[in-house]
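The values are calculated or read from the model by the stated rules, or taken from the named source; none is laboratory data. Please read all numbers here as calculations on a predicted model, not as lab measurements. Using ideal geometry, Cβ is built from the backbone for each residue, glycine included, and neighbour counts are taken over all protein chains shown. Quick note on the areas: whole protein, heavy atoms, side chains included, nothing else; ligands and nucleic acids left out. Shrake-Rupley method; radii C 1.70, N 1.55, O 1.52, S 1.80 Å.
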Amino acid sequence: MSIVETEIKKFENGNCAENKVFYQAMEEVIRSIAPLFESDDRYKRYAVLERLVVPDRIFKFKVTWMDDEQNIQVNTGYRVQFNNALGPYKGGLRFHPSVNEGILKFLGFEQILKNALTGLPIGGAKGGSDFNPKGKSDFEIMKFCSAFMTELHKYIGPRIDIPAGDIGVGAREIGYLFGEYKKITSTYEGVLTGKPFMFGGSLMRPEATGYGTVYFTETMLEMEGKESLEGKICTVSGAGNVALHTIEKLQHLGAIPVTCTDSKGTIYDPRGVDLDLLKELKLEKRVSLEEYINSHQEATYIPVSEYPEGAHAVWSIECYAAFPCATQNELTEIDAQSLIANGCISVSEGANMPSTPEAIDIFLNNKICFAPAKAANAGGVAVSEFEMAQNAAMSHWTFEEVDERLKTTMQQICKRVALTAKDYGVEGNYVDGANIAGFKRVADAMIAEGI
Ligand code: NDP
């Protein structure tokens with residue numbers, strides 16, 4: 001049995017429900033890096049894999065806060081500091097009822113390799129809470145963020161661990177978290193990224209992940225000899241930060257994004273999504289997507305209850321390129337088959353691990369241009385690192401400067417991934433290319449730093 005098979009067996013034996021997504025992410029990486037292990041025995045001798053798949057430490061803490069009715073609420077908070085071989089721990093905070101240690105380990109593990117792929121000096125981490133921000137008042141969000149930071153501040157710092165946003169954590173939450181950190185520590189430092197511009201945030205951070213995903217896709221299509229996105233129908237899932245800015249950049253490039261989704265349903269607007277309306281519904285009013293059709297009767301709303309079994313309505317719509325930008329495992333085997341049957345030639349993951357392993361196999365076997373999350377959505381963390389650089393230098397870069405650097409970074413990641421795949425005999429396979437390139441950078445640093 002090869003080292004890789006042994007590792008997979010080992011992890012499969014220890015599998016449990018909460019860790020399912022973590023094993024899913026780990027198994028994909030272990031399979032991808034087989035050629036690297038075969039070409040260089042240092043990785044085995046230094047037990048890099050065994051060391052990489054175990055987080056450096058996990059903090060789990062109680063968060064107690066009071067809601068608007070004066071009821072005391074208790075949630076669980078986490079910070080998973082996974083690996084800091086390349087730089088301080090860096091990764092987002094997720095506030096969602098589904099958050100548990102397994103989900104954060106999956107996200108933290110992916111984050112290590114994603115951050116490595118950017119070529120920037122940042123390690124990998126992730127954190128969050130099972131707190132549900134939906135339906136909470138602004139004051140309740142503020143009180144929860146303050147309570148969360150009361151504990152989190154002990155473990156973070158601008159040279160130790162720099163959290164950012166993720167699902168349920170945007171500029172508003174980062175602002176409250178930053179305010180509390182400042183108060184507790186009496187410091188004013190770049191301990192969080194994704195801050196509002198008025199107190200140290202980088203221009204373009206909100207746009208970065210979505211724009212970056214589209215820049216990556218443009219480069220990939222060009223490298224693979226495919227037609228550009230201009231004039232093409234695209235499908236996008238999600239209606240949050242990543243989805244909104246993916247839609248925006250697609251529109252800038254003359255593509256026609258026709259869908260968006262939230263946890264309750266899908267909007268299909270064949271004339272192209274009305275982005276201003278979408279922003280109003282999701283960023284200002286924070287309401288369900290169903291309200292979209294009140295302004296656009298020609299659009300269709302498909303509630304989750306009407307999705308075909310094991311599938312999602314958004315992926316049954318004809319498109320040239322698809323952009324899953326909502327959450328993990330939202331694109332199944334059945335969805336992958338529908339996309340291909342409907343002429344889709346490119347799938348780019350804006351969300352983290354949105355495609356199931358079976359869906360990915362279908363894309364790769366059918367020679368679909370498939371951009372995996374850890375490469376395609378690395379624009380967010382890249383601009384977070386730009387924010388750290390600006391904070392350290394007490395300077396501000398212009399929107400154009402950040403955009404240009406983001407574009408260059410995404411083009412470089414895409415080329416690095418494609419070249420690595422070629423070097424290791426899996427040309428055109430961006431999944432293996434990303435895993436090998438990311439793993440190699442971290443592993444080489446771990447070996448150089450000793451045990
Ligand atoms: P947001 O909270 O802004 O938006 C998330 C969107 O996904 C919402 O529309 C939400 O619907 C929907 N969604 C969440 N959970 C589910 C679910 N279980 N089923 C269906 N829909 C769901 O998050 P982001 O846009 O920031 O993040 C989206 C994805 O991108 C995540 O996978 C995240 O990890 C990843 N990512 C984000 C980065 C960033 O910079 N923000 C960076 C890199 C990756 P509803 O409105 O109903 O809640």
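Taking the condition small (Gly, Ala, Ser) and over 14 Å from the mean Cα position of the chain (by Cα), does GLY87 pass?
The answer is yes for GLY87.
Of all residues in the range 66-77, how many are surrounded by fewer than 24 Cβ atoms within 10 Å (Cβ to Cβ) and either within 28 Å of GLY124 (Cα to Cα) or of a type in the set (Phe, Trp, Tyr) (or both)? Reasoning before the result, please.
As a first pass, look at the range 66-77 and keep what is surrounded by fewer than 24 Cβ atoms within 10 Å (Cβ to Cβ): 66-76.
Adding the requirement that they be either within 28 Å of GLY124 (Cα to Cα) or of a type in the set (Phe, Trp, Tyr) (or both) leaves 74-76.
Of the residues in that region, 3 qualify.
So for the range 421-437 (the condition being more than 23 Å from GLU227 (Cα to Cα), of a type outside the set (Ser, Thr, Tyr) and surrounded by fewer than 22 Cβ atoms within 10 Å (Cβ to Cβ)), does at least one residue qualify?
Looking for residues that are more than 23 Å from GLU227 (Cα to Cα), of a type outside the set (Ser, Thr, Tyr) and surrounded by fewer than 22 Cβ atoms within 10 Å (Cβ to Cβ), one finds at least one in the range 421-437, hence yes.
Are any residues in the range 191-212 surrounded by fewer than 22 Cβ atoms within 10 Å (Cβ to Cβ) and in a loop (DSSP other than H, G, I, E, B), and if so, which ones?
PRO196, GLY200, LEU203
Tell me, which residue of the range 393-420 that is of a type in the set (Gly, Ala, Ser) and assigned to a helix (DSSP H, G or I) is surrounded by the most Cβ atoms within 10 Å (Cβ to Cβ)?
Kept after step one, since they are of a type in the set (Gly, Ala, Ser), are these residues of the range 393-420: 393, 395, 418.
If we keep only those that are assigned to a helix (DSSP H, G or I) as well, we get 393, 418.
Details: ALA393: 9, ALA418: 22.
Looking at the filtered set, the residue picked out is ALA418.
Pick out the one residue from SER355, SER384 that is buried (at least 23 other Cβ atoms within 10 Å of the Cβ) and away from the ligand (no atom under 11 Å from the Cβ).
Only one candidate qualifies: SER355.
Let's see how each residue does on (1) open to solvent by 20 Å² or more (accessible area, probe 1.4 Å); (2) near the ligand (Cβ under 9 Å from one of its atoms); (3) in contact with a strand residue (DSSP E or B) (Cβ under 9 Å, 6 or more places away or on another chain); (4) of a type in the set (A, V, I, L, M, F, W, C):
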site	(1), (2), (3), (4)
THR219	no, no, no, no
GLY225	yes, no, no, no
CYS234	no, no, yes, yes
VAL258	no, no, yes, yes
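I need a count of the residues in the range 24-65 that are open to solvent by 50 Å² or more (accessible area, probe 1.4 Å), in a helix (DSSP H, G or I) and among the aliphatic types (A, V, I, L, M).
0
Collect the residues in the range 326-338 that are free of Cβ contacts under 8 Å to residues at least 60 places away in the same chain and either within 15 Å of the ligand (Cβ to nearest atom) or not β-branched (Val, Ile, Thr) (or both), keeping them in residue-number order. I'd like the intermediate steps shown before the answer.
Step one: filter the range 326-338 for residues free of Cβ contacts under 8 Å to residues at least 60 places away in the same chain, giving 332-338.
THR332, GLU333, ASP335, ALA336, GLN337, SER338, listed by residue number.
In the range 78-88, which residues are within 16 Å of the ligand (Cβ to nearest atom) and open to solvent by 10 Å² or more (accessible area, probe 1.4 Å)?
TYR78
Could you go through the range 321-329 and let me know if any residue there is at negative phi and part of a helix (DSSP H, G or I).
no
What are the residues in the range 153-180 that are more than 16 Å from the ligand (Cβ to nearest atom), surrounded by 23 or more Cβ atoms within 10 Å (Cβ to Cβ) and outside any loop (DSSP other than H, G, I, E, B), if any?
Across the range 153-180, the qualifying residue is only PHE178.
Within the range 116-125, can one find any residue that is assigned to a strand (DSSP E or B), assigned by TED's automatic domain parsing to the domain that holds ILE156 and of a type in the set (Val, Ile, Thr)?
No, the conditions are met nowhere in the range 116-125.
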